[in-house]
1. Would you pick out the residues in segment 183-233 that are surrounded by 12 or more Cβ atoms within 10 Å (Cβ to Cβ), of a type in the set (Ser, Thr, Tyr) and assigned to a loop (DSSP other than H, G, I, E, B)?
2. Among residues belonging to segment 158-178 that are β-branched (Val, Ile, Thr) and surrounded by 21 or more Cβ atoms within 10 Å (Cβ to Cβ), point out the one that is nearest to the ligand (Cβ to nearest atom).
3. Considering only residues of segment 139-157 that are more than 8 Å from the ligand (Cβ to nearest atom) and in contact (Cβ under 8 Å) with a residue 60 or more places away in the chain, which is most open to solvent (accessible area, probe 1.4 Å)?
4. Answer with yes or no whether residue 269 is among the β-branched types (Val, Ile, Thr), away from the ligand (no atom under 12 Å from the Cβ) and open to solvent by 30 Å² or more (accessible area, probe 1.4 Å).
5. Check 28, 54, 62 and return the single one that is among the polar types (S, T, N, Q) and under 26 Å from residue 113 (Cα atoms).
6. Of the residues 223, 277, 264, 285, which single one is of a type in the set (Ser, Thr, Tyr) and touching a residue at least 40 places away in the same chain (Cβ under 8 Å)?
7. Could you give every pair whose Cβ atoms fall below 7 Å, whose first residue belongs to segment 49-74 and is touching a residue at least 60 places away in the same chain (Cβ under 8 Å) and closer than 12 Å to residue 12 by Cα, and whose second residue is open to solvent by less than 70 Å² (accessible area, probe 1.4 Å) and in a loop (DSSP other than H, G, I, E, B), counting only separations of at least 6 or pairs across chains?
Amino acid sequence: MEKYNAIIIGAGPAGYTAAIYALRAGKTCVIIEKLVPGGQMGTTAHIENYPGYTAISGWELTEKMKEQALTLGAAEMFGEVTEVDFSDGEKRVTVDENVISGDAVIIASGARPRKLGVDREDELMGKGVSYCATCDGMFFRGKTVAVSGGGNTAFEDALYLANLCKKVYIIHRRDTFRASPANVKKAEAKENIEFITDSAVCALVGEKSLSAIEVKNLKTGETASLEVGGLFVAVGRIPETEPFRGAVEMDEAGYIIAGEDTETSVKGVFAAGDVRTKSLRQIITACADGAYAGEAVGAME
Ligand code: NAP
């Protein structure tokens with residue numbers, strides 16, 4: 001069985017930073033990634049709030065973090081973590097068919113977009129239905145699109161799309177928003193953004209790609225059809241914590257309970273980045289978590 005000082009689950013900003021700190025403290029580590037390195041950062045077109053870069057693509061920032069971790073000696077493993085055993089001092093992690101062991105585990109597996117749960121959503125994904133405005137917005141230049149959601153992501157997506165598209169509908173199930181007043185004000189000031197509140201997307205229309213959506217007013221029950229080429233779903237995120245259920249304490253939404261020091265309910269198991277209970281989920285805060293977790297591993301006997 002392969003053994004490391006730290007098993008890092010997730011190759012996003014939290015995972016890479018944790019590796020950099022643990023390796024610089026003389027520890028060995030492996031970074032496990034299910035699909036493509038970078039996580040949500042990797043699919044962000046422009047990052048303009050990571051200090052040191054006025055603007056950088058998520059892919060490029062991922063490459064830089066990855067190179068730094070690998071140069072310091074991080075091992076990489078691609079596969080899906082299906083099971084963990086944190087029942088004694090030595091931690092065991094099952095990756096596909098392989099079991100590896102570590103003195104510590106840093107869970108940095110991030111979060112994925114929540115789906116709307118409307119019929120044909122999966123079928124039309126990438127054919128008009130998108131979960132990332134900055135990744136896919138340019139494909140809808142000059143077209144009419146809709147954004148579903150009432151949080152900051154939905155508003156920032158709508159503002160981004162309003163600069164590219166002819167018209168943007170914001171469809172939200174209530175008439176008040178979770179988005180910050182500043183974002184709401186900016187969207188209200190845009191002539192090509194129209195709000196459709198107290199409403200939900202109830203059907204997706206289009207043969208090979210999306211051509212329209214059916215929207216139901218949740219107060220009156222009335223349904224209307226909107227011709228749109230794109231639907232951007234921005235209704236929150238779901239933490240990638242399924243394999244850890246029962247192994248560490250989580251909150252009701254499935255986020256792993258841990259403070260700024262990233263320590264979970266299990267000694268030697270840390271949660272860093274978007275998987276952790278926290279108020280601000282950004283690349284920079286994920287990196288901060290990774291630093292705490294990597295430093296803690298470095299200090300382990
Ligand atoms: P969020 O704040 O949780 O908002 C999710 C939105 O989707 C809510 O308006 C919610 O409606 C709606 N929603 C949830 N499930 C739905 C469903 N099944 N059908 C229709 N609508 C549904 O998520 P977020 O916008 O992704 O933001 C996540 C966190 O990141 C927040 O803390 C946010 O402030 C932060 N963030 C910050 C920035 C920034 O500071 N620049 C940018 C983006 C995100 P209800 O309101 O009715 O529940």
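The values are calculated or read from the model by the stated rules, or taken from the named source; none is laboratory data. Since this is a predicted model, take the numbers as computed values, not measurements. Ideal geometry is used to build each Cβ from the backbone, glycine not excepted, and the neighbour counts take in all protein chains shown. All accessible areas refer to the heavy atoms of the entire protein, side chains included, with ligands and DNA or RNA removed. Shrake-Rupley method; radii C 1.70, N 1.55, O 1.52, S 1.80 Å.
1. 197, 209, 211
2. Step one: list which residues in segment 158-178 are β-branched (Val, Ile, Thr), which gives 168, 170-171, 176.
Pick out the ones that are also surrounded by 21 or more Cβ atoms within 10 Å (Cβ to Cβ) and you get 168, 170-171.
Working: 168: 16, 170: 10, 171: 8 Å.
The selected residue is 171.
3. Checked segment 139-157; the qualifying residue most open to solvent (accessible area, probe 1.4 Å) is 139.
4. Details: among the β-branched types (Val, Ile, Thr): yes; away from the ligand (no atom under 12 Å from the Cβ): yes; open to solvent by 30 Å² or more (accessible area, probe 1.4 Å): no.
Criteria not met by residue 269.
5. Exactly one residue qualifies, and that residue is 62.
6. None of the others qualify; the one that does is 264.
7. 61/50
Yes or no, residue by residue, for (1) of a type in the set (Phe, Trp, Tyr); (2) at pLDDT below 95:
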| position | (1), (2) |
| --- | --- |
| 2 | no, yes |
| 10 | no, no |
| 27 | no, no |
| 37 | no, yes |
| 50 | yes, yes |
| 58 | no, yes |
| 63 | no, no |
